[in-house]
Structure formats: C-alpha cells, structure tokens
Amino acid sequence: MSVSPDALVEIAEDVVAAEPQDSGARPEIGNPRLRKEDRRLITGRTKWTDNIVLPGMLHLAMVRSPHAHAKIVSIDASAAKDAPNVVDVVTAADFPDGMGVCANAWPITPDQVTPDHLPMAVDRVACAGEIVAAVVARSAAEARDAAELVDVEYEELPAVFDAQEAMTDQILAHPDKGTNKCAFWKLDSAEAGTGGNVDEAIAKAREDGIVIEREYRQQRLVPAFMEPRSTVVDPTGEQITMWSATQIPHILRFLIAATTGIPESKVRVIAPDVGGGFGGKLQTTPEEFVTLAVARRLAKPVKYTETRSESLVSAHHGRDQYQKLTLAATKDGAVTGLKVELLANLGAYVAIVGGGVPVLGAWMFNAIYKFPAYQFNCQTVLTNTTWVDAYRGAGRPEATYGIERLMDELAAEVGVDPLVIREKNWITHEEFPFTSVAGMVYDSGNYEVATARAKELFDYDALRAEQKQRRESQDPVQLGIGVSTFTEMCGLAPSRVLGSLSYGAGGWESASIRMLPTGKVEVITGTSPHGQGHETAWSQIVADRLGVPFEDVEVLHGDTQVAYKGLDTYGSRSLVVGGEAIVRAADKVIEKAKGFAAHLLEANADDLEFASGRYTVKGTDQGVGITDVALATFASHNYPEGIEPGIDADATFDPDNFSFPHGTHLCAMEVDTETGETTMRKYVCVDDIGHIINPLIVEGQVHGGLVQGIAQALWEEAVFDDNGTLVTGSFVDYTLPTAADTISFVTENTTSPSTTNTLGTKGVGEAGTIASTPAVVNAIVDALRPLGIHDIRMPCTPERVWKAIQSAGAHDGAATAEVAPHFHDDAPTNADPGTTGEGSPQ
Amino acid sequence: MTRITVTVDGQRFVDDVEPRTLLVSYLRENLGKVGTVVGCDTSNCGACTVHLDGRSVKSCNVLAVQADGHEVTTIEGISTAGGLHPMQQAFHECHALQCGYCTPGMIMQAIDILTDNPDPSEEEIRAGLEGNLCRCTGYHNIVKAVAQCAAAGKGGE
C-alpha cells in the first residue's frame, strides 16, 4: 500500500461522510472458531525451541547423577575433553560466582526449611538426575557421547524417598538441614471465624452420628508434556536472548535477573511455540540456568534439548500426597465437619511453587458443600526424589479426589445414592455468592442444573438398573457408576490474596492493543499459551469489542521484548485474568479513538456512541468506523488539542476474587471380577465454566483434562526403586494413555456467569483433570462394593483390582474392614507399586 | 560416513552420513525438515512418524542409511499447491490438536490408517493410533478427524 500524505488527509475527510459499512463485526464470543494457530502446526512450520539453529551454535549435554543421595568425591573430565569436537566440559567449580538459583517463590511459612537449589550440584547430589557437569560440543550427538566419558566418583549417602519415612527424620534428605520436615500449614474454621470446631463435630458424630475415616494416596505423577524441554541462549553483545520451552517467560526473565545479577533489561526471554506444559513447564529449571551460564562463558549460542528419559527424571513431578481424612456427619448424612491431614512429598528441593501446591487444597476440600466445621493441616517434607510442583490442577485434584471419594463412602454408609448425599450437602443456587467454610467467596454456580443435565445425558437410572441386574445375576463383569461433583478455584489470582499467603509475585495480567494504520489490530498479551489457543480466543474477544473482523486481529505473546509485562499461563488464569485485561485495553482504545472520531465528525465526544466498530452521532446517520479513525490518526495532520496521535492502550487487571467453575461428572466402569480388568463404558460431564468464548476450544480442553485425570485413576504412577532410581524412566514404563485406551466423551455446559470479570468467564484448563479421577475410582469401587471393597489404591491397575477382589474373597467379605493405613511406619511406599494395602490388612 | 541418496518430499538428496544417524536426525539436522519432531527416545510416542515408501514409520527407529534409495514423505510434503491435505484439513476442522507437537506424526499415522482401511470403525481408528501419544486432546477429536476424513473418502491419498 502506497499512500501519500495528502491522500491520507483525503481519506480521513472522506470517511466522515461515508455510508456506514459492514465492519465485518459479528458476535464472536461463543463462536466455535477454528483456530488460527493450527496452520503452522499441521503443516510442520512450527517454531519449537529445538528447531532453532544459530550460526556457530554449540550443543550441551548434561552429566547427571545416577544416585539419589551422594557426595561428589571427584570429577575427571579429561577423557571427555579429548573427545571429538568437544569444546568445553564444565562443573560448578568453573562458576565461582554461581549460575543463578532455582528459586522457591512461595515459602508457605516463615520457618519453611528450604534447601538451596543450585542449577549444578557443587559437592553433593540430593536426587537422581541432578546435574553434576555439562559437556559442550559441536553437535548434540557428540556432546552426549562425551558426557558418557565424564568420570564422576560418588560416595553414596543414605537416602529417603517416601514421605512417611521422611517424617521420622531417621535418614535426612539434606543432612545440613537437620530435618526433612519442610513446613506445616494449617487452616481452622473455628480459628478463622468461618465455621465451627471440627474436633467437637467429630466427637459428637462419634456419639450419635457417622464418622468416616479414610486414608488415600495421591500417587506421584509426571506431567509428561509431549515437547521435551529445550533452551537456546544467544549472548549477543550485552543482550542475552533465551528461547525456552516454558510456560513462564516473564517469571523466568525476572528470576534470571534476580538470581544471576544480569540486569533484567539485558535479558530477553522468548517462549516460541511450546508443546504442552500442564504445569510441568511452570519452573525455572537447572537446565535453563546451566545453558545460560555456559553460553555466557563461551560467548557463543548454545542449545540444550533434553531426552525423554532426562525429562521424566529431572523435570518436576506432580501430586505425591498421603491424605488422612475424617468426615463427621449426622445419621442421615448431613456433614457436620471435615478434618484433613495431608503429608506432601516435595522431593529434594522446594520448587518454584512446590511448597504451596498442596496448600491450595485448603480451599478445595470443602468443595461444593456447606460444611459447618473444617480443618486443613498440611505437612510438607523433603526426600531424595525428583522435585514436585504443579501438575494440571495443582492441589485441587488432590483435594477433589479426597472429598469426592469420601462423599461416596458417606453415601454407602447412609445407604443412599451418592448423588442424594451430595444434594443434601451442596450449596444451592440461591445461596450464591456463598462464603465457604474455608473463607472463600464462591461467585456463582448451579449444581442442581448441571447434575440434572448430566444424569439425563448419562441415562443414570437405566445404568443403575443394569447395575442392579448384574449384581443380582452375579455377572462376572460388574458395572460401577462413579460420581464427581467438583468445583475449583481458577483465575490465579488476586494479588492481595497471594500476598497474604507469602507468594512471591502478584496475580494480575496485562494486555496492550494497538490499531495499525491499515485497520489491523495487534493485541499483546502477558499470558503465554502452549496449546490453549489464546491467539484465536483473544482475537474473538477483541473482534467483538472493537467491531473489527476476527481475521484482522493478531495476537502477540511469549516474547518479553514484545509483551514486556505479564505473569504467564497456569492455574486456568489466562482468560479470566488476561482476557479481562484485554477487554479493558479495548475499552481504553475505544475511548481514546472517540476523541479523534468526534473531531473528524465535528461533534461533541459526549454525543457519540460506539457499536459494531463504528462511532455515530446519536440520533443521526453521521458516523465513522474505528479503522478509519486509526488511519486518520496515523497521518495526524489534523487532530484536536489534548489528544495524542495513535490509537493504542495498555491495561492491567488484578481480580478481586477467584472464579469457581464447577461440574457434574458421571462415569460408568465395567470391572471384570475374574481378571481385574476395568473398561470405561461411558463418561458424561456437564461443566459450568461461566460464559464461553470458543466452545470448540473449551471442548478440547475438557477432553484432554479428562484423559489426564482418568490416567491418574487407571494407569500412571512415577515409581522409584529402593535405590531412588526412577523405574518409570521412559515411556515404556511411564504409561501414558493411548487412543486405544480411551473412549469418546459426552460433554456439555451449563452457564453461571462469573461475577469476577466482565466476560463472565471462569476458566476451563484444569476442570477435566480435577473432576475425572474421583469419578473413575468411585465407579470402580461402586462396582466392587458388594464384595466389601471400599478402596483401590491408584492407579487402579488390573493387578491391584484383582488383588483387592482376591483378598476380599479370602476374608469372606470382611475386607470391608479397614484400608491398610498409609500413615503407619511400614506403610507401602512408592518403591512397592504392587502392594495395594487395600482390601484387607495384609 | 556412508553416502545415501534419499528422496524426501519429492526432492532428491545426496548426503554423507554417519551410519548411526537416525532418519529423524537426518531429516531435522541435515535437511532442515524440522516439521518432524522427536518426543521420546524409545519409539513409544510416534511424534517422528513419516512415510517411507508410502508406509508410516517412526523415523527415530530407522537409520538414515536404511532410507538409501527410498522415498520419504514428511508432514512438510503432504500439502499441495491446491492446499492442505484432507487429513490436515480434518485435523483443523475437528480441533484435533492443541499444542501441536504430536500433530505431524499423528497426521502421518492417520493417513496410513486410511491407506490400509479406507472405512475404519472408531475402534479400528483407535487401534491404528495406538503408537502415537498425545497429551493434550484426549484423542477424542483426533479420532473424530480421522473418521471425518474417512467419511469424505479421501484420507489415504
């Protein structure tokens, strides 16, 4: 396009009298738009970090500890240095000023025991996979070959792996700390003034009500994003550019500056296309710091890409909790109190938000229910295992699992349908906004409607009838129906709330919108998508707001030089917080352009109204489109006093509250009582996530979340052996579900708009994962309950199911007895995945 | 070093490679065909799936020298001047990808399924995709995309 200044003036003048034109605007919010992101991804033109090739780029391979806990006696790198095309071999000793720190940004108590986590071990390793040296070579293959030649002499130290074992402090994960106990955090409704005294409620229930006591295990999982982590660092002159497969480019940039002393302004972090994260890329990693340090040392671009086996052992894990739960209720099933005692294994180091993840459960164990009394206790411990941090749901799936399993147990005890017990205790739709016993204000919801719809889609009564028939005919394949009525807190987060919890950052999000002279719109977001489709959804929001075509909106993200301000993507926060920031930036753009439009129309700004991309003088057909205003401001030959040329605006939104999506999930599982094999027959979920921007994307988020949650219930577990070696160290042993393991789902939505943002959205990224795990286990237990089984430890593999059935049979049904306690000294550990501990005392 | 002659996405390449070089490394590092990606070290994930003489293989499980004299098609070679391959289009329309990392391999495998069986059942589609892992979609929409492509009768081209 070639336009002379004069022509611009003419255009600007012409538009004033122009007929209203179709600006292309139409309701975009709610439109199942196909994604803008797809084109490059389906044609192989994606920019993954590992695709980046720079002139003279060197490759890094890590030398990692095979031991869980050991002193480093010596490192002999001579053979590696002599290997072909090796440029350098480095150890921590080569960096006397350090390489930065993998910081813990959320110390949950002032006295939290937090071991220093340096990117490269200095004289001791505290978990297998810890980096002890790094080899730099001209190719990745040569670097890996030479890494094998680095001779590290270790002196093994006693190591502790299991959280319960760690509590005894007999073996210390970090001897210099004197204890494995990291922090203790408590919320008590009586002390907080949000409810009654839970111990009194339990004592009363022991006299004349029901007390359900259960111990559940949240096994350790691996986020297992499909794109292995990769980092490229290019130290050009004084500016350092880091590309990294990260969810958090902004936080990474800040923590690089804060822990290395490199001025923040000299660091540019780019998260190009990122292949999944699920919390697993919410970290500042040793690998990023080492790559940065080596690139600076050699003044050359350096790339590090992990192998999958490195990823499984060294990228942070998730979950790993023991839960001891005590639920008090009246004889007819009205819950009077819940006491939660958590023991959370944080691994060898307190990760960026690792200590806080289990604490997020504090506000979720009470779930959708009106519990009069509540107490949450969380003890975190350190062990010589891979560090543990956020994995999809982060604290909320663990809590939801605990309470939704308990509610089924209560229903069984009372002898009513699990949905009946939930309805008896849940918050009714008239009661919103509702202040929970944990002190949270739930914005909106309608559990009744979601549940009614889910039952209808599931054909609940027919499946219950079939279940009855199979029980009566003693069918070897029994049918179980699992219920999960969940809520979660999304939209991390009100900065004030985070501050009160000693979190190291705020929870706001930023957006900038600039209208280009040709009417195209650039949107810069501080969120950092890695599969969520922000480019599409954010375009829809802006297209609606500004009344411009969807195709004319370009969303820019993930580069700190472009999106200079942001807090990135995790915790289902992007739309709820980042989306609202976009709305506010758009409104500022509209307001800013209005002054110009008024000038062009020779009208008073107060007389203008804006709709569908067009300013019109009220009561007339005089008007001008916002894109024409953009062009006129580009020339700016003629503009009013007090107005700056250009139509652009920034906004930062800090929410007042979280949002609370909810949903009802129903799962039918067939359990072969002869083989222990379980087969999913049907899965229905009705999620209420408030207003929906793009139903197609929402559906995809739910599907993916469901399978991750189902995988926890049925297949996945990170297992260490007695030496602290990760047995599930490849995809051969860490069994992600395949297409052949899963079914197609029935998903629908109900809508209770959130009141915490003007879009009325709630967040959907984690819903499926949070809800599905208890739905599946509840279904399996429901199938087997007549045999006297009331728990199967996850993952509910055929072996565990079969063993539970066998031991139930051996005890002639008396296996109802107690679940083998996880809290006693010789409890089954991760090292013994075959021990269910369930069914009956072994 | 061994000299190989390979046709990749319709173009003939002559290169000297180390005998141990994997086909996926050759494609990515020698030819810049970075559309094909690596997801694991154990041939479990299928992210690197390409076609060797028209049949799907995991290119991390094939040596470059084994491709000598053969024809390789990657995700970068299936769209035509006329536009996307029908399977690419189906993945787009069915929202069968999120992060997109597994997508190239998934699409190449999906095409192979329909080459074998132009009218597969859902169960057959799922069985055919078993060697390709996706962590984002829960497979629901991938299965839907393959079925849609099959229904249109043009998936295995």
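List of remarks:
- Descending semi-axes in whole angstrom, ellipsoid equivalent of the protein assembly as shown, from the Cα gyration tensor: 43, 38, 30
- Chain B: most fluctuating residue of B:94, B:102, B:45 per GNM, C-alpha cutoff 10 Å: B:94
- The distance separating the Cα centre of segment A:401-441 from that of segment A:467-530 comes to 21 Å.
- Protection proxy ranking of A:579-590, A:702-713, by the mean of other Cβ atoms within 10 Å over each peptide's residues and highest first, is A:702-713, A:579-590.
- Within a Gaussian network of chain B (alpha carbon springs, distance under 10 Å), most fluctuating of B:127, B:81, B:145: B:81
- Cα centroid of segment A:21-84 to Cα centroid of segment B:65-131, whole Å: 23 Å
- With a threshold of 29 Å on the Cα-Cα distance, the over-threshold entries among A:36/A:281; A:520/B:33; B:33/B:154; A:762/B:58 are A:520/B:33; A:762/B:58.
- For segment A:556-568, backbone phi angles converted through the Karplus equation (6.51, -1.76, 1.60; θ = phi - 60°) give residue-by-residue couplings of 10, 7, x, 10, 5, 7, 9, 9, 6, 9, x, 10, 6 Hz, Gly and Pro being listed as x.
- Estimated translational D of segment A:18-145 in µm²/s (Stokes, Kirkwood radius over Cα pairs; 25 °C; 0.890 mPa s): 125 µm²/s
- Projected onto planes of every orientation and averaged, the convex hull of the alpha-carbon atoms in segment B:2-77 covers 4.2 nm².
- Largest-first principal axis extents of the Cα set of segment A:547-693 (Å): 84, 40, 31
- Across peptide B:125-133, the mean count of Cβ atoms from other chains lying within 10 Å of each residue's own Cβ comes to 4.
- Which of A:728, A:485, B:2 has the fewest Cβ neighbours within 10 Å, and the rest in rising order: B:2, A:728, A:485
- Residue order, fewest to most beta carbons within 10 Å, for A:799, A:699, A:207, A:674: A:207, A:674, A:799, A:699
- Phi-derived couplings, Karplus 6.51 cos²θ - 1.76 cosθ + 1.60 at θ = phi - 60°, listed residue by residue for segment A:675-682: 10, x, 6, 10, 9, 6, 9, 7 Hz, with x used for Gly and Pro.
- Shielding of B:105-113 by partner chains, average beta-carbon count, 10 Å: 1
- Taking other C-beta atoms within 10 angstrom as a stand-in for reagent exposure, B:28, A:681 fall in the order A:681, B:28, fewest first.
- Between the C-alpha center of segment A:263-288 and that of segment A:167-209 there is a gap of 36 Å.
- The ratio of the alpha-carbon radius of gyration of segment A:639-735 to the globular-protein estimate 2.2 N^0.38 Å is 1.90.
- Using the Karplus relation 6.51 cos²θ - 1.76 cosθ + 1.60 with θ = phi - 60°, the per-residue 3J(HN,Hα) values for segment A:37-49 come to 5, 5, 3, 5, 6, 8, 9, x, 9, 6, 9, 7, 4 Hz, with x marking Gly and Pro.
- Pair-distance distribution P(r) for segment B:86-151, from all Cα-Cα distances in 5 Å bins starting at 0: 4, 21, 36, 27, 10, 1 percent.
- Calculated [θ] (222 nm, deg cm²/dmol) that DSSP helices of n ≥ 4 give over the protein assembly as shown, each run adding -39,500 (n - 2.57): -8500 deg cm²/dmol
- What the Kirkwood sum gives for segment A:499-594 is a hydrodynamic radius of 13.6 Å, with every pair of different alpha carbons counted.
- Working note: Cα atoms of segment A:301-388, range along each principal axis, descending, whole Å: 66, 24, 19.
- Each 10 Å bin from zero holds the following percent of Cα-Cα pairs in chain B: 12, 43, 32, 12, 1.
- Put simply, the convex hull of the Cα atoms in segment A:594-662 casts, on average, a shadow of 7.4 nm².
Coordinate-derived values only; no laboratory data. Please read all numbers here as calculations on a predicted model, not as lab measurements. Glycine also receives a Cβ, built like all others from the backbone with ideal geometry; neighbour counts cover every protein chain displayed.
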